[in-house]
Amino acid sequence: MNRTTELAEFLDIALRRRIETIAELAEATGRSVEATEQEVSRLSELGFLSLADGVITYRRPDATIADVTHQILTGLSHDLDSSIAKTQGILRTLPKLLQAWQHGNTDAHDLPIDVMHGPFAAPDMYRLQAARAKPRASYSCLPDTRPLFEVLRAANYGSYWEDNAAPGHDIRMIVSAADANSELGRSQITYEIDAGSQVRMHPNPPSFFWILDQTSVGIPFTWGEAWPSSVMSIQSPTLAATMTWIYERIWEEAVPVTGHNHSWENPWDPILRLMNSGMTMESASTALGLTARTGRRRVADAMRHYGVSSQFSLGAAWSASREHAVGAASLNPTRHPSAI
C-alpha cells in the first residue's frame, strides 16, 4: 500500500465519523497517538482538515483536491517553462559550437551544415533545403512574417506549398498574434490555409526556426531573432527531435487560426479569440499591439453588442456567433470565401 492510499483510508475513517480529537481518531484507526498526530499534520498541510485547540475540523475533499491538483499543475507548468527556457539558453550557444565542430578534426564524424547570410537568408535557406526533396512535414516558427509576406504580395505569389509539398503533408506555421491579425498577415495566411497548412498564432514566438521531415533544422545565428540575417541549417535527426519537442510546446500554447471571412469580422474578434483560448484581456491586448485601454474598450463594445454583462457570458455568446457564422460560410462558400 502506497503513502497516498494510506492517507486516503485514514481520512476516510475520519470523515465518515467526523472524529473531532486526536485520541478518538487514534482509537478508531488503531494507531498510536503519535502516529495519528503525524497523519493529521500531513492532512492539514494538504488542506483536508485543520486542528485548532485540540479540535479537528474538516474541509470538503473535492475543494481540497481541486486546490492540490492546481498546485501540482502549476508546479509542472513552471518546471516545463523552466526546462524550455534552459533549452533555449543552450540553443544560443549552438551555432558557435557547430562552427567550432566544423573547423575541428571531424572527418570521421562530419555533420552536414549549410550557412547563409543576408536580408533574405532565412527564406533562401529554407527553399534550398526543401528543394532537395518535397517535404512531408514542415514545422516553422515565424515571429516576424512581414519581410516574407511583403515580397510574396509584391510578386502576387500564393502559397509555397501548393506546388512544393509531398502528398499527405503535415505543414505547420506559428506566427505572432499581431501578424495574424494584420491586413497583410490575414491575406497571405489565407493562401497557406487554402493549401492545407495549419497555422497558429502565439503572443510571443521565441525565435525564428524550422524543422523539415524530422531531419533538417534551420536556426538563426542568434537564437531569439524574429527575422535573422544569418541562418544555419543542420542535418541532424537528434537535434531535430529536440527542436520538435520545443515546437510542440509552443504549438500547444498557440491559438489555431481558422477559416472565417474578414469582411464580416468585428473589431473585437481578434482579442476575444485570444481571450477565448485562455489569455487575460491585458495579455491579449499586448499580444495584438493594443493598449490596455483599447483592449478594454473593444471588450466593452462586444458586451454591448451581444447584450451581456460579464466576460463569461460574452465568451459563450461570441463562440456561439462564430459557430453560426462558420456554419453559414460552409453552406454558402461563394458568399463567405475562405480566409484565416
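Placing a label point 7 Å from the Cα of ILE113 along the Cα-to-Cβ direction, the residues of the stretch 221-255 with a backbone N closer than 13 Å are 221-222, 231-236. In this simple spin-label approximation, ALA52 and THR238 carry label points 7 Å from Cα along the Cα→Cβ vector, and these lie 5.9 nm apart.
Sorting 208-216, 313-321 by their mean Cβ neighbour count within 10 Å, with the most densely packed peptide first, gives 208-216, 313-321. Could you tell me how far the Cα centroid of the stretch 177-211 sits from the Cα centroid of the stretch 113-133, in Å? Here the two parts' Cα centres lie 20 Å apart. VAL199 sits among other residues whose Cβ lies under 12 Å from its own Cβ, and their net charge, with Lys and Arg +1 and Asp and Glu -1, is 0.
Can you give the FRET efficiency for SER321 and GLU37, using 1/(1 + (r/R0)^6), R0 = 56 Å, r = Cβ-Cβ distance, to the nearest 0.05? The formula returns an efficiency of 0.45 here.
Spin-label model, ASN266 to SER310: label points 7 Å out along the Cα-to-beta-carbon direction sit 1.9 nm apart. Peptides 245-251, 199-205, ordered by how many other C-beta atoms sit within 10 Å of their residues on average, highest first, read 199-205, 245-251. Under 20 Å from the 7 Å Cα→Cβ point of ARG18, by amide nitrogen: which residues of the stretch 29-54? Backbone N within reach: 29, 44, 48-54. What does the C-alpha gyration tensor say about the overall shape of the stretch 3-60? Classify as rounded when a/c is under 1.5, otherwise prolate if a/b is larger than b/c, or oblate. It is rounded, given that a/c, with a ≥ b ≥ c, falls under 1.5.
A short reminder: the numbers here are calculations on the coordinates, not readings from a lab. Keep in mind the model is a prediction, meaning the values are calculated, not measured. All Cβ positions, even for glycine, are placed from backbone atoms using ideal geometry, and neighbour counts span all protein chains on display.
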